[in-house]
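The values are calculated or read from the model by the stated rules, or taken from the named source; none is laboratory data. Quantities reported herein were computed from a predicted structural model and do not represent experimental measurements. Note: ideal-geometry Cβ built from the backbone for every residue, glycine included; neighbour counts use all protein chains shown. SASA here: full protein model, heavy atoms, side chains in, ligands and nucleic acids out. Shrake-Rupley method; radii C 1.70, N 1.55, O 1.52, S 1.80 Å.
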Amino acid sequence: FYLGACPLAVQHFLSGTASVVPPESTVSPMPSAAVQENIPDALRILDTSTGTTLYLSEADFLPLAVLCALSPDAPDAAVQAQAVSIRSTAWYAHLHNTTDGADFTCSTEDLHVYAPAEKFQNLYGDAWPEIYARITALCRETENLVLTHSGRVVPAPFFAVSAGCTQPADAVEGTADLAWLTAVPCPTDLLRPDCRAETTLTPDTVRAAFPGIAFTESPETWFSESVRSTSGYVESINLCGTALSGQDVREALSLRSAAFSVSFDGENFRMLTLGAGDGVGMSQAGALYLAETGADYRSILAYFYPGTELATK
């Protein structure tokens with residue numbers, strides 16, 4: 001999402017199991033998509049699907065943002081960790097936005113970052129009031145908590161599933177000062193059925209994705225000299241004499257992650273990938289596993305963002 005002049009690390013807002021009966025607590029009316037410019041400390045969010053800037057209080061934004069990122073039946077601790085991650089990132093963006101524009105972007109049509117309650121009502125039907133009540137109550141239990149490092153609020157990116165280990169921020173961002181975004185083992189991510197995927201690409205598709213490359217007549221020789229990080233992601237790979245980063249290849253070929261291997265079967269390229277997402281920050285799959293095995297949200301956040309502390313904003 002767009003964050004104006006904020007560091008690139010905060011641009012990685014991404015995308016369970018036990019049903020929980022919501023506590024008997026009163027929740028505020030479900031927010032609508034109406035634009036309101038008079039909300040104190042409103043988050044300014046540009047909806048790229050409509051071109052409209054939304055002005056939302058955190059209380060209205062956060063439960064629906066969590067539901068854009070995570071299944072509504074995720075364990076309590078995973079929902080709470082997700083809430084703190086999103087609050088920290090959104091609040092960091094808000095504090096550091098020195099422009100007159102939006103703090104960040106969303107797509108209400110695609111349920112990316114934020115969508116109004118009406119979208120979820122259509123999706124979940126009669127179950128929606130109970131879902132909303134539960135997620136809102138869990139968000140309230142983390143009210144005003146953000147992640148800090150060296151006394152400052154920090155962005156806390158997340159992604160779907162790792163290739164067995166998360167990546168340090170500089171693997172994607174080229175930034176070396178985000179000490180809380182480092183490599184964290186997630187071996188159970190490899191056991192998930194959605195960790196592995198295969199994409200078949202024709203040589204013509206690869207040519208079209210890299211228009212600046214001088215391709216030879218032998219596709220089996222195009223990709224070579226792949227170098228992987230200790231987290232298992234491709235750091236660099238050679239394509240017909242041109243060195244590319246794994247992230248460049250991932251984006252150009254629309255791969256699920258930069259943890260990939262390449263083979264050529266005589267007609268097509270087979271791209272085998274592990275994980276989904278850029279691998280930086282909290283693995284949602286890893287957070288689910290920790291929650292399901294008894295970890296609370298504080299422990300989950302401490303694991304994926306080492307060196308951070310929870311504080312009230």
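Out of curiosity, is R250 outside any strand (DSSP E or B), under 20 Å from A208 (Cβ atoms) and open to solvent by 40 Å² or more (accessible area, probe 1.4 Å)? Here the answer is yes, as R250 does meet what is asked.
Pairs meeting the criteria (first residue in region 245-259 and over 10 Å from G277 (Cβ atoms), second residue of a type in the set (D, E) and not in a loop (DSSP other than H, G, I, E, B), beta carbons under 8 Å, at least 6 apart or on different chains) are S245/E235; G246/E235.
Cβ-Cβ contacts under 6 Å between residues 6 or more apart (or on different chains), taken from a first residue in region 39-64 that is more than 17 Å from D100 (Cβ to Cβ) and open to solvent by 10 Å² or more (accessible area, probe 1.4 Å) to a second residue that is of a type in the set (A, V, I, L, M) and at pLDDT below 95, are listed as S57/I39. For T99, the requirement of being at pLDDT below 95 and open to solvent by 10 Å² or more (accessible area, probe 1.4 Å) is met.
Picking from residues in region 266-294 that are open to solvent by 30 Å² or more (accessible area, probe 1.4 Å) and aliphatic (A, V, I, L, M), the one that is nearest to T166 (Cα to Cα) is L274. Evaluate the following for S261: is it among the hydroxyl-bearing types (S, T, Y), under 27 Å from the mean Cα position of the chain (by Cα) and either open to solvent by less than 50 Å² (accessible area, probe 1.4 Å) or modelled with pLDDT of 95 or more (or both)? In short, yes. Scoring V172 on the criteria (1) within 22 Å of Q284 (Cβ to Cβ); (2) modelled with pLDDT of 95 or more leaves a single failure, condition (2). The listed residues are L272, L288, L244, L255, and the only one of them that is assigned to a loop (DSSP other than H, G, I, E, B), among the aliphatic types (A, V, I, L, M) and at pLDDT 95 or above turns out to be L255.
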